[in-house]
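Just below is one structure, and these are the notes that go with it.
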Amino acid sequence: MNEILRAIYSSIIDGEQKVTTAKVQEALDQGTEPSAILNEGMVAAMAEVGKLFEEGEYFVPEMLVAARAMQSGLAMLKPYLVKADVKSSGKVVAGTVKGDLHDIGKNLVCMMLEGSAFEVIDLGSDVDPDKFVEAVHQTNADIVAMSALLTTTMPNMKVTIEALKAAGLRDKVKVLVGGAPLTQQYANEIGADGYAPDASRAVATAKSLIAA
Amino acid sequence: MFAAAISLDITPEMVLRGQGANPAIITNRKPVLLENAERAIQEGMALLSPKIIERTIEVIKISHDRIYLENNLLIENRFITRELSSAGRISFIICTIGSAIEEKVSALYRSDPVLSLAFDGFGTAAIEALAAFACETVRIRAKEEDLCISIPYSPGMIEWPLEKGQNQIFSILQPDPLVVRLTPSFQMIPKKSMSMIIGIGTGFNHNDRQTCDFCAARQTCRYRLNRD
């Protein structure tokens, strides 16, 4: 990794938003490939942030600070990525399921996915199964990511999966689930393709689902 | 309902813990997060509308899975019955800080998610402080009669299903829906609200149990790790 990419990488891990945007601009001015800035500098940094979180070294607000720095850099980089026809890691429709108003965890997952170059369509909280179906249909998403924080609302994940089946979309989209009361076993029972216990592992699981 | 004279003392450390962070570590590593916590306190205090709805009810009889209360009220749950088997009275409590903080959190999320999380952490710290204030009020009243109190138990704990517990507490307290209400999935609105019951009697020993011991997320909860 060259010096400028290393500077971008470090600024994101440290959550230094202004440094990130300055260094991304500097890298572009130097003629660095947008894809290299994205993948070697930014996505690699967010992967490291996720790893630090999984290890218990980083805390939730630090992940957000890093994701904010990443997003600032990404906003600057986006026109160049479009011009260079650099593809996203995949398209994710995300939301907290019907009846559940919690959104902090889902928001964190969305930010981490964006930090890993996924295109995220955030449907918000209390999302009706039909709204998930409509969004998948309209966006041709690769993944539906659902969150639930309550035992009383997590059955709506299965309802949503059934709605995707009924709409003939289930084979076209992977389903990723997460949230405090969920387990891998529950994810298996409802027919989800992936389960993640936290935002960092949601990214890793999303990547593996895309690769599968 | 006692709403008057509730003074909540919220520190930046509490706000950082409310975000799932260890204050001792993060304060040095990311000073901006401490600044955000201080700002959330400064701006957030005026947005609090703390209210505690409480009612203490005499226990008439206890079976293996039911607590019969005065006025033909009933708690039906084996776990709660076991935990409160030495209660002579039970205090039912709902606390809320109102909805202004969560509105602030939502409004900030798109423009500044980091500050938004700080306000959410402030809300978490505030509702926890309010619940602690409510528990302490019940404890002081009990102590005047040489009684002690149990730890608080909340619906959603491992052996007390959310839907059953919330229905029991809300049917007994019947709070004004403009203050706090339940959604069809038994979530409280405002979100920064807590419901709980506390046993009052003799023989409760706080040394052998903590509320977190009965939480479904006790193995993975970072909030708990950073509080311990």
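The values are calculated or read from the model by the stated rules, or taken from the named source; none is laboratory data. The shown structure was predicted, so the numbers you read here are calculated from the model rather than taken from an experiment. Here Cβ is always computed from backbone atoms with ideal geometry, including for glycine, and neighbour counts include all displayed protein chains. All accessible areas refer to the heavy atoms of the entire protein, side chains included, with ligands and DNA or RNA removed. Shrake-Rupley method; radii C 1.70, N 1.55, O 1.52, S 1.80 Å.
Take the conditions (1) open to solvent by 20 Å² or more (accessible area, probe 1.4 Å); (2) touching a helix residue (DSSP H, G or I) at 6+ places or on another chain (Cβ under 9 Å); B:Val15 misses just one of them, which is (1).
Restricted to the range B:1-59, the set of helices (runs of 4 or more DSSP H) holding at least 3 residues that are under 17 Å from A:Val60 (Cα atoms), free of Cβ contacts under 8 Å to residues at least 12 places away in the same chain and facing another protein chain (nearest Cβ under 10 Å) comprises B:23-29. Check off (1) touching a helix residue (DSSP H, G or I) at 6+ places or on another chain (Cβ under 9 Å); (2) away from chain B (no Cβ under 12 Å); (3) not polar (S, T, N, Q) for A:Ala180 and give me the number that stays unchecked. Among (1) touching a helix residue (DSSP H, G or I) at 6+ places or on another chain (Cβ under 9 Å); (2) away from chain B (no Cβ under 12 Å); (3) not polar (S, T, N, Q), A:Ala180 violates only (2). So which residues in the range A:103-119 are surrounded by fewer than 20 Cβ atoms within 10 Å (Cβ to Cβ) and either within 19 Å of B:Ile189 (Cα to Cα) or β-branched (Val, Ile, Thr) (or both)? Within the range A:103-119, A:Gly105 is the sole residue that qualifies. When A:Gly95 is tested against the conditions (1) more than 11 Å from chain B (Cβ to nearest Cβ); (2) assigned to a helix (DSSP H, G or I); (3) surrounded by 17 or more Cβ atoms within 10 Å (Cβ to Cβ), the lone failure is (2).
Tell me yes or no: at least one residue of the range A:42-51 is of a type in the set (Lys, Arg), in contact with a Ser or Thr (Cβ under 9 Å, 6 or more places away or on another chain) and modelled with pLDDT under 95. Yes, the range A:42-51 contains a residue that is of a type in the set (Lys, Arg), in contact with a Ser or Thr (Cβ under 9 Å, 6 or more places away or on another chain) and modelled with pLDDT under 95.
Let's see how each residue does on (1) touching a residue at least 40 places away in the same chain (Cβ under 8 Å); (2) among the hydroxyl-bearing types (Ser, Thr, Tyr):
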| site | (1), (2) |
| --- | --- |
| B:Phe133 | yes, no |
| B:Glu136 | no, no |
| B:Cys148 | yes, no |
| B:Ile158 | yes, no |
| B:Ser171 | no, yes |
| B:Gln187 | no, no |
| B:Lys192 | yes, no |
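Just to verify a result, which residue in the range B:95-113, among those that are surrounded by 22 or more Cβ atoms within 10 Å (Cβ to Cβ) and touching a residue at least 24 places away in the same chain (Cβ under 8 Å), is farthest from the other protein chains (Cβ to nearest Cβ)? Break it down into steps so the answer makes sense when it comes.
Step one: filter the range B:95-113 for residues surrounded by 22 or more Cβ atoms within 10 Å (Cβ to Cβ), giving B:95-97, B:101, B:105, B:113.
From the residues that got through so far, the ones that are touching a residue at least 24 places away in the same chain (Cβ under 8 Å) too are B:95-97, B:101.
Numbers: B:Cys95: 18, B:Thr96: 14, B:Ile97: 16, B:Ile101: 13 Å.
Step by step, filter the range B:95-113, then rank; the result is B:Cys95.
Conditions (1) away from chain B (no Cβ under 12 Å); (2) open to solvent by 40 Å² or more (accessible area, probe 1.4 Å); (3) touching a Ser or Thr at 6+ places or on another chain (Cβ under 9 Å), marked per residue:
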{"residue": "A:Val127", "(1), (2), (3)": "yes, no, yes"}
{"residue": "A:His137", "(1), (2), (3)": "yes, yes, no"}
{"residue": "A:Asn140", "(1), (2), (3)": "yes, yes, no"}
{"residue": "A:Thr152", "(1), (2), (3)": "no, no, yes"}
{"residue": "A:Ile161", "(1), (2), (3)": "yes, no, no"}
{"residue": "A:Asp171", "(1), (2), (3)": "yes, yes, no"}
{"residue": "A:Val175", "(1), (2), (3)": "yes, no, yes"}
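Just one of the listed residues (A:Val65, A:Val120) is within 14 Å of another protein chain (Cβ to nearest Cβ) and within 18 Å of B:Leu117 (Cα to Cα), and it is A:Val65. Cβ separations smaller than 9 Å between residues 6+ apart or across chains give the following pairs from the range A:186-200 residues that are charged (D, E, K, R) to residues that are open to solvent by 30 Å² or more (accessible area, probe 1.4 Å) and not in a helix (DSSP H, G or I): A:Asp193/A:Lys174; A:Asp193/A:Ala212; A:Asp198/B:Thr220. For the range A:18-62, what are the residues that are touching a helix residue (DSSP H, G or I) at 6+ places or on another chain (Cβ under 9 Å), outside any helix (DSSP H, G or I), within 14 Å of chain B (Cβ to nearest Cβ) and open to solvent by 20 Å² or more (accessible area, probe 1.4 Å)? Matches in the range A:18-62: A:Gly56, A:Glu57.
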